[in-house]
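K.L.:
Have a look at this one before I ask anything.
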Amino acid sequence: MYIPSYRAAISAEYAKPTTAVKLKKKVRISESVIQTLLFLCGAISVLITLGIVVVLGRESLLFFASEEVTLAKFLGTFKWQPAIGEFGIWPLVNATLMTTVIAMLVAIPLGLGVAIFLSEYATPKQRSTLKPILEVLAGIPTVVYGYFALTFMTPLLRSIFGQNMVEVYNTASAGLVMGILILPLVSSMAEDALAAVPNSLREASYAMGATKLETAVSVVVPAAISGLAAAVIIGVSRAIGETMIVALAAGAGPAFTFNPFKAAETMTGHIVRISGGDLSYDSLDYNSIFAIGLMLFLLTLSLNLLSRRIVKRFREVYE
């Protein structure tokens, strides 16, 4: 008598027709509520940004609608005194870029060095000690940094280079202290980018006989270049938009100069100074605030778009 094997019995069992099971998504009210709230958060952020752009654009149009103001004067001349019909924005832009460059000359090497140390050299105990100290720097009010630049950094520069060369208000002291301000931002973002590099790259470098420094400089840093570039550009955006340090330490009054030891007013510093005075609503000086704000917005927007392109380009290389 033939007895079917165990495997044949199992196959016969699975060959029997089965009823189709209909799967459907289970409705979870709590998940729907959370999803709706998150969507509202994103929508509110977008609406606020659009509102700021609309206000800047509308008020800036009032400034450029004046018969005295032309785009040629705004972008083609080098003196800013709206009260006497001078509308060249470049003295304010130049001072802003000068303080930003000085700040990044401080923040980039120090921030990158701190990031490499925390990522490649520091023990967990050292990392847990140094990170909170850097975060304390980020939490100090910027007005304190402004008075620090005025009462410490400026006297220090005057004692080194001479009082006749360094003015009391100058862009150098403002830029140096601004670099200290954005140092935690650059170092934190750079450290996150370095920590995200796979350990397999480090291990392969060590296996080839490379030292820890050679591995960090020649392997880890190039692999994290997209994140490092984003950290630098965001730091630049932060420096361009800084207000209180430059308002207190850089000087008052637009001046087109490339001497960092001279006083020069930045865009944000100028906005603070003239908005604190007695300006009548819808006057030319009042509307000029929004034109300067629009220029600041366009600068930071351009930097953010550049950051996204750099991150996308180099991320495609290393993925």
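K.L.:
Restrict the check to the stretch 200-212 and report whether at least one residue is modelled with pLDDT of 90 or more, more than 21 Å from the chain's Cα centre (by Cα) and not in a helix (DSSP H, G or I).
P.N.:
No, because not a single residue in the stretch 200-212 is modelled with pLDDT of 90 or more, more than 21 Å from the chain's Cα centre (by Cα) and not in a helix (DSSP H, G or I).
K.L.:
All but one of (1) touching a helix residue (DSSP H, G or I) at 6+ places or on another chain (Cβ under 6 Å); (2) of a type in the set (A, V, I, L, M); (3) at pLDDT 90 or above; (4) not in a helix (DSSP H, G or I) hold for VAL197, so report the exception by its number.
P.N.:
(3)
K.L.:
Please state which one of VAL27, VAL21, VAL55 is assigned to a helix (DSSP H, G or I) and either exposed (fewer than 15 other Cβ atoms within 10 Å of the Cβ) or modelled with pLDDT of 85 or more (or both).
P.N.:
On inspection, the qualifying residue turns out to be VAL55.
K.L.:
Of the conditions (1) among the aliphatic types (A, V, I, L, M); (2) modelled with pLDDT of 90 or more; (3) farther than 18 Å from LEU248 by Cα, ALA95 satisfies every one except a single condition; which number is it?
P.N.:
The failed condition is (3).
K.L.:
I'd like to verify a number: residues in the stretch 72-99 that are more than 18 Å from SER283 (Cβ to Cβ), over 29 Å from the mean Cα position of the chain (by Cα) and aliphatic (A, V, I, L, M), how many?
P.N.:
Final tally of qualifying residues: 1.
K.L.:
Before we move on, is VAL272 under 30 Å from THR77 (Cβ atoms), modelled with pLDDT of 90 or more and either outside the structural domain of MET98 (by TED's automatic domain parsing) or in a helix (DSSP H, G or I) (or both)? Write out each step before concluding.
P.N.:
Numbers: under 30 Å from THR77 (Cβ atoms): yes; modelled with pLDDT of 90 or more: no; either outside the structural domain of MET98 (by TED's automatic domain parsing) or in a helix (DSSP H, G or I) (or both): yes.
No, not satisfied.
K.L.:
Which ones in the stretch 153-180 are without any contact (Cβ under 8 Å) to a residue 24 or more places away in the chain and either surrounded by 19 or more Cβ atoms within 10 Å (Cβ to Cβ) or closer than 19 Å to LEU105 by Cβ (or both)?
P.N.:
LEU156, ILE160
Quick grid of which residues meet (1) under 22 Å from GLY293 (Cα atoms); (2) hydrophobic (A, V, I, L, M, F, W, C); (3) out of contact with any Phe, Trp or Tyr (no Cβ under 6 Å at 6 or more places or on another chain):
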| site | (1), (2), (3) |
| --- | --- |
| PHE63 | yes, yes, yes |
| LYS73 | yes, no, no |
| GLY88 | yes, no, no |
| PRO91 | yes, no, no |
| VAL106 | no, yes, yes |
| PHE117 | no, yes, yes |
| GLU120 | no, no, yes |
| ILE160 | no, yes, yes |
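The values are calculated or read from the model by the stated rules, or taken from the named source; none is laboratory data. Predicted model only: the values in this text are computed from it and were never measured. FYI the Cβ positions are ideal-geometry reconstructions off the backbone, even for glycines, and counts take in every protein chain you see.
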